[in-house]
Amino acid sequence: MGYGPGQYDSSNEDIIDRMIKRKDKSWANLCLIGANLLLFLLVELTGSTGDTAQMIRWGAAYTPLIQAGEYYRLFTCMFLHFGFQHLLNNMLLLFFLGDYVERFIGKVRYLILYLAGGFLASLFSYLQDLQQGQDTVSAGASGAVFAVLGGLIVLILLHRGRLEDLTLPRVLIMALLSLWVGFQSVGVDGFAHLGGFLAGAALMLLLKLPDLFSGRR
């Protein structure tokens, strides 16, 4: 989520190739990406995603309006983005991370992780704004994306430190760097990232409890 996470790696080609050829597509993740793209186009066609007033009309999080009872903004803000670069960054990361997570926990649990994690990320950011006395307009899927990232790390831990070609040190370093950059960058809601990451980790544990009690991972 933002106000107003390299080098070229040829291994990405292999990942994309496998994703295209695989019969069992991650349809829930693709539908979420499609929803974000659709909302971006609708906002652009009726105004501009760079216009703060336009984004508020479409449901961006705005502290005074949420205080006034428009709590739905904590949810709708997850599907809005300030400009194409903001959208592209979030959707590229979601495309890769979400594919892994959905395949290992299933479509329903993945949707719960994404939507509930994103909502809790927005709530965490909103509470921080209240505490600091800030009236900010914020939007973006990054809180939900970080929830998927937090869930992925728990999933890797449950699989003894490795999930296909993903290893715990590699993903953990990426997560920590992304969180750090979020707090250092102007116009980026680091609290939404942190809230989403923690919420995603906790939600993954809850979602995997039935598997753990049955002896599955």
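Brief remarks follow.
- A search for C-beta distances below 6 Å between a residue of region 165-189 that is closer than 19 Å to L94 by Cβ and part of a helix (DSSP H, G or I) and any residue that is open to solvent by 40 Å² or more (accessible area, probe 1.4 Å) and at pLDDT below 85, counting only pairs 6+ apart in sequence or on different chains, returns S178/P5; G182/V188.
- Of all residues in region 84-115, those being small (G, A, S) and surrounded by 15 or more Cβ atoms within 10 Å (Cβ to Cβ) number 1.
- Test: residue in region 141-161 that is open to solvent by 40 Å² or more (accessible area, probe 1.4 Å) and modelled with pLDDT of 90 or more: yes
- Of all residues in region 190-217, those that are of a type in the set (K, R) and part of a helix (DSSP H, G or I) total 1.
- Breaking point among (1) outside any helix (DSSP H, G or I); (2) open to solvent by 10 Å² or more (accessible area, probe 1.4 Å); (3) within 24 Å of M55 (Cβ to Cβ), for S138: (2)
- Test: residue in region 186-199 that is under 20 Å from the mean Cα position of the chain (by Cα), more than 21 Å from L74 (Cα to Cα) and open to solvent by 10 Å² or more (accessible area, probe 1.4 Å): yes
- Exclusive hit being over 16 Å from S125 (Cα atoms) and either touching a Lys or Arg at 6+ places or on another chain (Cβ under 8 Å) or not in a helix (DSSP H, G or I) (or both), set G50, G34: G50
- In region 116-130, the residues that are surrounded by fewer than 22 Cβ atoms within 10 Å (Cβ to Cβ) reach residues that are β-branched (V, I, T) and in a helix (DSSP H, G or I) with C-beta atoms within less than 7 angstrom, at least six apart or across chains, in these pairs: D129/T63; L130/T63.
- Being closer than 24 Å to S185 by Cβ, outside any helix (DSSP H, G or I) and open to solvent by less than 30 Å² (accessible area, probe 1.4 Å) is a condition met by no residue of region 63-79.
- Check on V148, in a helix (DSSP H, G or I) and either hydrophobic (A, V, I, L, M, F, W, C) or over 17 Å from Y100 (Cβ atoms) (or both): yes
The values are calculated or read from the model by the stated rules, or taken from the named source; none is laboratory data. This is a predicted model, so every value here is computed, not measured. Glycine gets a Cβ as well: all are built from the backbone with ideal geometry, and neighbour counts include every protein chain shown. Areas reflect the complete protein model, heavy atoms only, side chains present, ligands, DNA and RNA absent. Shrake-Rupley method; radii C 1.70, N 1.55, O 1.52, S 1.80 Å.
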